[in-house]
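S.K.: Just passing along the structure, written as structure tokens.
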Amino acid sequence: MKTYDYLVIGSGLAGLVFALEASSQGKVAIVTKKKMHNCNTDYAQGGIAAVVDQQDSFDNHVRDTFIAGGELGKVEVIEQIVKEAPDRLQYLIDLGTRFTMENDQLDRRLENLSLTREGGHSRKRVAYAADSTGHEIMTALIAACRKNDNIDIFENHLAVDLITQHHISQARHFIPRITCWGAYIMNTETAEIEIYRSRKTMLATGGGGQVYSYNTNPDIATGDGYAMAYLAGARMVNMEFVQFHPTAFYDSENKPFLVSEAVRGEGAILRLQNGATFMEKYHELECLAPRDIVSRAIDFELKKSGDKFLYLDATHIPKEKLMTHFPYIYKKCLSRGVDITSEPIPIVPAAHYFCGGIATTIDGLTAIRNLFAAGEVSCTGLHGANRLASNSLLEALVIAWRAAHHPSMMEEVEFPEILPWQASNTFNENEWVIISHNRQILNTIMQGYVGITRSRRLLKYAYSRVSNIYEEINNFYQHNSVNKEVIETRNIAIVALLIIRSALMRKESRGAHYVNDYPQRDDIKYLKDTII
Ligand code: FAD
Ligand code: SIN
């Protein structure tokens, strides 16, 4: 058993900011599934939204966020996060993040930042580091964590379960609220599971793009945090709002990758295969409409024509600009045979971001005592039904920082006696070979029936099939020793069920949830969160 003041699960932006800030108050352990940089944050391209331009205003950013979110976001939360954005951006700069500066200036003050624009933003408001913003942020944060003596880092360590009342030998006295005392952590190199005991636990496990077969996320994004928190009794909110990014590179044989919305922000245009534009039919902001609208428009046009992809055309943008602002995208497309300076890019929408998650306060507090959550795994109320571009890094940064400075961080905790992990010695390889196929089936069901456009009939069908698959996997989980693949597949099934159940509860269309049976918004009945 290991004991720390603070246990941080996940090494993305949320986890590392929390770890750095908490380290001045106690000893911190960061556990992360693979290497430190394997996370969604590292993939972030477009940038991070903040009001730093004199012509912009907090009110504008609040309004854009609220409107993009289908007016479901919580205004007081949006206002607070937007107001804290400039200070937290300066914090990242002070840690060594090299954002792109206007005219390559060396003076790294906010007013010198170069800004770009993305969908749903009424003006240029997005700070960026070429098209590898996330990687640049991660480089600075990882360096700061590695040289901090109060932080221990455990790579290739997978959180299996949160430790709560279920895992203590006997309650010495009645504990009225679900309480967390750390987590069971598996060293994926040895498959050993150990207790990591902590006064406070920060769940910063990111999203669950891998629930869908076509997604922009890295392979770590299997929704483990949602599953662990749900099983522990947390409150899950708005899980139906899965955001599809409009422009993932289409490749029938290889994994898709993101082509940033910032490419449209710099003037690229969406076209049908015959070269015609179409976004003017769907929204006044055309190619820079909020993401849910653009993805749905592409989905509609694809279904109408029967084509497998549409085009993003950046050929009219000066070559030098494309190559300096988008060097990663340029090289990546070239490696798949497309020169973006002279050819249009084949694109399709792909699952990208979970707007819902574990309900938290603006300080990252969850309904479970001693458990914080921040970043994509959480739901603060910032995004509502659809996230405004580049507001995710912002939310992770602001909330993780606030959580680490919350007065409850100093609370002492009396640990109960925690039971060791109950390991089974058997692993039925033959049975697992059959059950492991379920992961692909789950992906296909979610992509086909719980995607951009939904219907209640298909949602119910998906629910019944996913429930059966979950039973099979869970049965295997209960009777065999567990490994990373078993845990992830079970988690994917749990998250899939949470999404479908939430989608069935919302009998209207709003933001990223569009259901054919109820194509309109219903503010009288559904201007509220979906809660499980
Ligand atoms: P992550 O950065 O995903 O970190 C999660 C961490 O948890 C990882 O280290 C992972 O290994 C670990 N983990 C997960 N499960 C376990 C477990 N069971 N045990 C131990 N560790 C675990 N947002 C923006 O605002 N701007 C952008 O430009 C932008 N671009 C994007 C581009 C792409 C391609 C993608 C995929 C997303 C983009 N996003 C962007 C969204 C944004 O990157 C993420 O929402 C954000 O980085 C999430 O940060 P996080 O710290 O919550 O999670
Ligand atoms: C992008 O660069 O298009 C992604 C931005 C985001 O997800 O906010």
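S.K.: If we count every other residue with Cβ under 12 angstrom of CYS379's Cβ, Lys/Arg +1 and Asp/Glu -1, where does the sum land?
M.R.: Values: positive: LYS74, ARG235, ARG387; negative: GLU240, GLU376, GLU395, ASP529.
Residues near CYS379 contribute -1 overall.
S.K.: Another question, then. Looking only at the stretch 224-252, which residues have a backbone nitrogen under 14 Å from a spot 7 Å from the Cα of SER335 in the C-beta direction?
M.R.: 249
S.K.: So how far apart, in nm, are the two label points at SER408 and SER305 if each is 7 Å from Cα heading toward Cβ?
M.R.: Inter-label distance under the simple model: 5.1 nm.
S.K.: Give the angle, between 0 and 90 degrees and rounded to the nearest 10, that separates the Cα long axis of helix 58-68 from the longest principal axis of the Cα atoms of the chain.
M.R.: Its long axis makes an angle of about 90 degrees.
S.K.: Could I ask something else about it? In the stretch 311-361, carbon and sulfur make up what percent of the accessible area (probe 1.4 Å)?
M.R.: Numbers: 1130 of 2000 Å².
C and S atoms contribute 57 percent here.
S.K.: Just want the answer: with Cβ charges of +1 for Lys and Arg and -1 for Asp and Glu, which residue in GLY364, GLY337, TYR282 is farthest toward the dipole's positive end in the chain?
M.R.: Going by the charge dipole, the pick is TYR282.
S.K.: Net charge near THR324: determine it from the other residues with C-beta under 12 Å of the C-beta of THR324, scoring Lys and Arg +1 and Asp and Glu -1.
M.R.: Numbers: positive: LYS319, LYS321; negative: ASP104, ASP131, GLU266, GLU320.
Net charge in that neighbourhood comes out at -2.
S.K.: Quote the charge dipole size of the stretch 409-532 about the Cα centre in Debye, to the nearest 20; the model charges only the Cβ of Lys and Arg (+1) and of Asp and Glu (-1). Walk me through the numbers on the way to the answer.
M.R.: Details: 15 positive and 15 negative charges, 217 e Å.
Roughly 1040 debye, rounded to the nearest 20.
S.K.: Between the helical axis of 133-146 and the dominant principal axis of the chain, each derived from Cα atoms, what acute angle in degrees is found, rounded to the nearest 10?
M.R.: Result, in degrees: 30.
S.K.: Then there is this: Let me check something: with ligands and nucleic acids excluded, how do LYS147, LYS124, LYS332 order by accessible area (1.4 Å probe), largest to smallest? Show your work: numbers first, answer last.
M.R.: Working: LYS147 160, LYS124 100, LYS332 65 Å².
The residues order as LYS147, LYS124, LYS332, largest area first.
S.K.: Go through the stretch 1-58 and name the trypsin sites (Lys or Arg not before Pro) that are in a DSSP coil and have 14 or fewer other Cβ atoms within 10 Å of their Cβ. Intermediate results must be reported in sequence, preceding the final value.
M.R.: On the way: sites: LYS2, LYS27, LYS33, LYS34, LYS35; in loops: LYS27, LYS33, LYS34, LYS35.
Qualifying residues, ordered by number: LYS35.
S.K.: Then there is this: For the stretch 400-452, build the charge dipole from Cβ charges (+1 Lys, Arg; -1 Asp, Glu) around the Cα centre, then report which of TRP401, PHE415, ILE452 sits farthest towards its positive end.
M.R.: Toward the positive end, the furthest listed residue is ILE452.
S.K.: Between THR3 and LYS83, 0.36 nm times their residue separation minus their Cα-Cα distance comes to what?
M.R.: Values: separation 80, 0.36 × 80 = 28.80 nm, distance 3.64 nm.
Fully extending the segment from THR3 to LYS83 adds 25.2 nm.
S.K.: How large a share of the accessible area of the stretch 181-303, in percent, is made up of carbon and sulfur atoms when the probe is 1.4 Å and the other protein chains stay in place?
M.R.: Working: 1730 of 3720 Å².
The C+S portion of the solvent-accessible surface of the stretch 181-303 is 46 percent.
S.K.: OK, next. For the charge dipole of the chain, defined by +1 on Lys and Arg C-beta atoms and -1 on Asp and Glu C-beta atoms about the Cα centroid, which residue among ALA68, PHE326, GLY265 has the Cα displaced farthest towards the positive pole?
M.R.: ALA68
S.K.: Also, I was wondering about something else. Which order do peptides 356-368, 388-400 fall in by mean Cβ count within 10 Å, highest first?
M.R.: Values: 356-368: 22.8, 388-400: 28.6.
The packing order, highest mean first, is 388-400, 356-368.
S.K.: Could you work out how far apart the two model spin labels at GLN25 and GLU343 are, taking each label as a point 7 Å from the Cα in the direction of the beta carbon, and quote it in nm?
M.R.: 5.4
S.K.: Using a 1.4 angstrom probe on heavy atoms only, work out the carbon and sulfur share of the accessible area of the stretch 365-406 in %. Provide the component values of the computation, followed by the final result.
M.R.: Working: 340 of 660 Å².
The value for the stretch 365-406 is 51 percent carbon and sulfur by accessible area.
S.K.: Can I ask one more? Given R₀ = 56 Å, what would the calculated FRET efficiency be for ARG123 paired with GLU192, taking r from the Cβ atoms and rounding to 0.05?
M.R.: On the way: r = 53 Å, r/R0 = 0.94.
Approximately 0.60, to the nearest 0.05.
S.K.: Right, next: For the pairs LYS281/LYS321; LYS281/LYS528; LYS281/LYS331; LYS34/LYS255; LYS124/LYS308; LYS332/LYS484, flag any whose C-alpha to C-alpha distance is greater than 21 Å. Walk me through the intermediate numbers first.
M.R.: Details: LYS281/LYS321 29 Å; LYS281/LYS528 30 Å; LYS281/LYS331 32 Å; LYS34/LYS255 19 Å; LYS124/LYS308 32 Å; LYS332/LYS484 30 Å.
Beyond 21 Å: LYS281/LYS321; LYS281/LYS528; LYS281/LYS331; LYS124/LYS308; LYS332/LYS484.
S.K.: Would you calculate a helix-derived [θ] at 222 nm for the chain, using -39,500 (n - 2.57) for each DSSP H run of n ≥ 4 and dividing by the full residue count, to the nearest 500? It would help to have the intermediate numbers written out before the result.
M.R.: Values: 15 runs with 189 residues, N = 532.
Rounded to the nearest 500, the figure is -11000 deg cm²/dmol.
S.K.: Extension gain SER481-ASP152, at 0.36 nm per residue separation less the Cα-Cα distance, in nm? Walk me through the intermediate numbers first.
M.R.: Numbers: separation 329, 0.36 × 329 = 118.44 nm, distance 2.76 nm.
Net length gain for the segment: 115.7 nm.
S.K.: Then there is this: Using only the alpha-carbon atoms, how far is helix 75-94 inclined from the longest principal axis of the chain? Give it as 0 to 90 degrees, nearest 10.
M.R.: Approximately 90 degrees, to the nearest 10.
S.K.: Keeping every protein chain present and rolling a 1.4 Å probe, give me the accessible area per residue for the chain in Å².
M.R.: On the way: 20860 Å² over 532 residues.
Value returned for the chain: 39 Å² of accessible area per residue.
S.K.: Here is a follow-up. Please work out the C-alpha center-to-center distance from the stretch 317-393 to the stretch 133-176 and express it in whole Å.
M.R.: Value for the Cα centre distance between the two parts: 24 Å.
S.K.: A further question follows. Would you mind counting up the charge near ALA22? Only other residues with Cβ under 14 Å from its Cβ, with Lys and Arg at +1 and Asp and Glu at -1.
M.R.: Numbers: positive: LYS27, ARG199, LYS200, ARG402; negative: ASP5, GLU21, ASP149, ASP152, ASP363, GLU411.
After counting each charged neighbour, the total is -2.
S.K.: Could you tell me the calculated FRET efficiency between ASP251 and PHE427, based on Cβ-Cβ distance and R0 = 35 angstrom, to the nearest 0.05?
M.R.: On the way: r = 35 Å, r/R0 = 1.01.
Efficiency, from the Cβ-Cβ distance: 0.50.
S.K.: How would you order 188-194, 338-344, 288-294 from highest to lowest mean count of nearby Cβ atoms within 10 Å? Mind dumping the intermediate values first?
M.R.: Values: 188-194: 13.6, 338-344: 16.6, 288-294: 23.9.
Averaged packing, sorted descending, gives the order 288-294, 338-344, 188-194.
The values are calculated or read from the model by the stated rules, or taken from the named source; none is laboratory data. These numbers were taken from a predicted model, which means no experiment stands behind them. Please note: Cβ atoms are built from the backbone with ideal geometry, for glycine as well, and neighbour counts cover all protein chains shown. When the accessible area is computed, the model is the full protein with side chains, heavy atoms only, and any ligands, DNA or RNA have been set aside. Shrake-Rupley method; radii C 1.70, N 1.55, O 1.52, S 1.80 Å.
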